[in-house]
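Step one of this worksheet: look at the structure below.
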Amino acid sequence: MLRLGLTGGIASGKSAVAAMLREMGFSVLDADSLAHKLIEPGQPAYDEVLREFGPSITDAGGRVDRARLAAVVFADRAKLDRLNAIVHPRVAEVISRQFEEWQRQGTRDAAFVEAALIVEAGIHKSLDGLVVAWCAPEQQFERLRARGLSEAEARRRIAAQLPVEEKLRYATEKIDCSGSIEQTRRQVEALAAKLRRSQTAQ
C-alpha cells in the first residue's frame, strides 16, 4: 500500500480532489479536521493551546473559538509557529496510526492523508509520495473572498503558507485545479488509474 499525501494552498482545490479520490474508492484521512478535533475540550492539545493563548480564544462554553484563534495566529507568525508546534506532532502520530490500521485491514493500491501543511509540518518525509493540488494565487484570493474573508485576511492566510511554487517542488504528482471541475476530475481519474496499475504490477 502506498502512503501518499495530498496537499495544496488554501482554496486551491485540495478538498475537491480529496472528495473525488474518496468517490473512486481510496481511503483519505482529513488531517485538518483532525487538528481541529485535537483542540476540543478533553482532547490532547486543548490544555496546551489554552495555556499558550489564554482564555480570550474560547467561547462561552469553554471551547476554542477557531475564528478568534485564527485572528490571533494569522496576525503573528511566531504565534502561528507555536500553535503548529503544539498540534503538528500529535496530528503526525494519528496519521501514522491510521496508515497502519489501513495496512492491517488489507487496503491495497494507495491511501491518502489530506492536509494543508504536509510540507510545512515535515509529514511528507515519511510518505511514499505527495500529490499537490494547485491553482494561481489570484484564484486562491478570489475564492477566499467569495467565502467571505476580507481582502487583508485572505492575503494573510495565503502568506502564512508556503508559496505554491515551493509546494510543487515536493510534488510527485500535480493536479491543476485552475480550470473546470471536469478538467480536475479527468486528472484525478488518470492518477487513480496510474496508482492502481503501479500496485498491480508489484
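Nothing in this text is a laboratory measurement; each read-out follows from the coordinates by a stated rule. Being a predicted model, the structure only gives us computed values, none of them experimental. All Cβ positions, glycine included, derive from the backbone under ideal geometry; neighbour counts span all protein chains shown.
Couple of notes before you dig in:
- Computed about the Cα centre, the dipole magnitude for region 99-144 is approximately 120 debye when only Lys and Arg (+1) and Asp and Glu (-1) carry charge, each at its Cβ.
- Measuring r between the beta carbons of residue 40 and residue 105 and using R0 = 30 Å, the FRET efficiency lands at 0.65.
- Ranking of 36, 88, 124 by count of other Cβ atoms within 10 Å, fewest first: 36, 88, 124
- Correct choice for Cα extents along the principal axes in Å that was computed from the model, options (1) 48, 36, 34; (2) 55, 40, 27; (3) 47, 39, 31: (2)
- Dipole-positive endmost among 178, 83, 130 within region 80-202 (Cβ charges, Cα centre): 130
- Extended-chain gain in nm, criterion 0.36 nm per residue less alpha-carbon gap, residue 174 and residue 32: 49.1 nm
- Point-charge dipole on Cβ atoms (K/R +1, D/E -1) for region 2-200, about Cα centre, debye to 20: 240 debye
- Burial order of peptide ranges 152-162, 133-143, 42-52 (average beta-carbon count within 10 Å, highest first): 133-143, 152-162, 42-52
- When each of 37/125; 14/125; 14/174; 14/79 is checked by Cα-Cα distance, pairs over 21 Å: 37/125; 14/79
- Averaged over residues, the count of other Cβ atoms within 10 Å places the peptides 167-175, 112-120, 97-105 in the sequence 112-120, 167-175, 97-105, highest first.
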